[in-house]
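See structure below.
The values are calculated or read from the model by the stated rules, or taken from the named source; none is laboratory data. Remember, predicted model here, so these are calculated numbers, not experimental data. A quick note on method: Cβ atoms are made from the backbone with ideal geometry, for glycine too, and the neighbour counts reach across all protein chains shown.
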Amino acid sequence: MRMLNLLMGLALVISLGSCNQDLNTTILGKKDVPLEGSQEVPAKAVAANGTMDLAYNRTTRTLTYTVRWNSLTGPITGMHIHGSAGPGFNAGIVQNFTGYSTAQAGSYSGTFLVDGLVVKEDDFLRGGYYLNIHTALNPGGEIRGQIKFD
């Protein structure tokens, strides 16, 4: 009986660990969030793609990210975080990136402050911000990914 209780307890811990993150925890993380042409508005039929790894610290209100991309149609002409807009909608730039490689494949890491004034934490945590990468052939954005933690 003791072994059965132990196994049931272990199963409960494993099942809880596989649930979506509680947005009330201090550190939220998400790996391999896709960046795709199909997420652009309007959608782009391109071979380019990428991923983002995200970690958000609710105490410092700081997002740390690593973006990876490949197969772009040409050199990068811009990379930004936009908001507030959910999937299917466009919004203005809230952070321009600098110092990234303009190559058709590469990676970039940085931080983003959810200041509570321009960027509201509730909108941010609900997936209201996105990152996209622009090229000369796709000046409105070639690939895009929503910043979300669900």
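Could you grab me the full set of residues in the stretch 79-110 that are in a strand (DSSP E or B) and more than 22 Å from residue 56 (Cβ to Cβ)? Selection gives 106 alone.
Residue count for the stretch 129-150, restricted to those that are in contact with an Asp or Glu (Cβ under 9 Å, 6 or more places away or on another chain) and farther than 16 Å from residue 58 by Cβ: 11.
Evaluation of residue 52 against the conditions (1) modelled with pLDDT under 95; (2) buried (at least 16 other Cβ atoms within 10 Å of the Cβ) shows that the sole unmet condition is (1). Among the criteria (1) within 18 Å of residue 32 (Cβ to Cβ); (2) among the small types (Gly, Ala, Ser); (3) surrounded by fewer than 16 Cβ atoms within 10 Å (Cβ to Cβ); (4) touching a residue at least 40 places away in the same chain (Cβ under 8 Å), the one residue 74 does not fulfil is (1).
Report yes if residue 25 is of a type in the set (Val, Ile, Thr) and either modelled with pLDDT of 95 or more or touching a His at 6+ places or on another chain (Cβ under 6 Å) (or both), otherwise no. Spelling it out, it is not the case that residue 25 is of a type in the set (Val, Ile, Thr) and either modelled with pLDDT of 95 or more or touching a His at 6+ places or on another chain (Cβ under 6 Å) (or both). Of everything listed in (1) of a type outside the set (Asp, Glu); (2) in a strand (DSSP E or B); (3) touching a Ser or Thr at 6+ places or on another chain (Cβ under 7 Å); (4) farther than 17 Å from residue 128 by Cα, the single unmet condition for residue 51 is (3).
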